[in-house]
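J.: Handing you this structure, nothing more for now.
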Amino acid sequence: MDSEQSIAVVTGAGSGIGRAVALTLSGAGWTVVLAGRRPLPLEETAAAAGPGTAVCVPADVTDPDQVAALFSGVRERFGRLDLLFNNAGTFGPAGTPLEDLAHEDWRTVVDVNLTGAFLCAQGAYRLMKDQDPQGGRIINNGSVSAHAPRPHSVAYTATKHALTGLTKSLSLDGRPYRIACGQIDIGNAATDMTERMRSGILQANGETAVEPVMAADDVARTVLHMAQLPLEANVQFATVMATAMPYVGRG
């Protein structure tokens with residue numbers, strides 16, 4: 001793929017992994033559409049990317065009308081879409097035991113992590129199927145929690161397992177239209193969401209331990225590698241994690 005002519009949508013682009021990936025893509029010559037609920041963080045990401053490389057589109061991924069407007073705007077402005085990085089997500093109330101998790105908190109995590117990912121994937125899929133030349137790539141942001149849970153993480157873990165099913169279905173259904181779909185499962189990238197790792201987090205054995213983290217830029221470079229492959233090749237699943245985090249053997 002010629003990155004100088006490539007258009008990407010990054011959801012959750014106002015902070016963390018989304019911002020790191022957006023900046024890495026723009027630095028590699030992509031035009032990046034920055035999507036997220038809060039306009040100010042998106043504008044900060046766009047400013048860091050530099051003039052003419054990023055477009056801010058405030059959108060709530062849980063709202064079907066806003067997601068439809070996001071991809072309609074991409075179609076109208078650029079005529080095509082080469083990459084969706086399906087990144088927007090939330091952990092929910094940290095440390096809440098399963099029996100105490102409120103229904104509204106469960107729904108919030110499911111709506112953002114699963115329904116939001118589906119709506120954005122559907123919007124990208126429709127555009128990629130209709131455009132000429134046909135095809136594109138969707139990369140879903142999973143988690144090592146798609147493989148092994150943390151204590152008190154039932155909503156987050158359930159949605160990340162479900163996201164793996166979404167990735168597989170998109171890969172299968174996209175084959176006739178040159179739409180590739182892969183998933184990056186991330187462990188302990190240094191963002192606001194993982195700040196509690198530095199002060200200590202509950203482990204499966206009941207102890208509290210500080211966990212190592214890695215730079216978000218290391219994740220972003222992996223996403224760029226996945227994105228730059230020709231559509232005849234695909235990284236189906238990639239795991240990128242802090243080397244010494246307690247993941248292998250968790251539990």
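J.: Find, to one decimal place in angstroms, the Kirkwood hydrodynamic radius of segment 3-241, where the mean of 1/r is taken over every pair of different Cα atoms and then inverted.
T.: Numbers: mean 1/r = 0.0559 Å⁻¹.
With all distinct Cα pairs of segment 3-241 included, I get 17.9 Å.
J.: Let me check I've understood the local charge: for Gly79, count other residues with C-beta under 12 angstrom from its C-beta, Lys and Arg +1, Asp and Glu -1. What total comes out?
T.: -1
J.: Want the number for Arg175 to Glu195: 0.36 nm per residue separation, take away the alpha-carbon distance, what's left?
T.: Net length gain for the segment: 3.3 nm.
J.: Same structure, new question: Using only Cα atoms and rounding to the nearest 10 degrees, what angle (0 to 90) does helix 39-49 make with the longest principal axis of the chain?
T.: Orientation of helix 39-49: about 70 degrees from the principal axis.
J.: If you put +1 on each Lys and Arg Cβ and -1 on each Asp and Glu Cβ, how big is the dipole of the chain around its Cα centre, in Debye rounded to 20?
T.: The dipole magnitude comes to about 420 debye.
J.: Still on this structure, I have one more. Using the alpha-carbon atoms, what tilt in degrees (0 to 90, nearest 10) does helix 154-174 show relative to the longest principal axis of the chain?
T.: 30
No value in this document is a laboratory result; all are computed from the given coordinates. Since this is a predicted model, take the numbers as computed values, not measurements. Backbone-built Cβ (ideal geometry, glycine too); neighbour counts: all protein chains shown.
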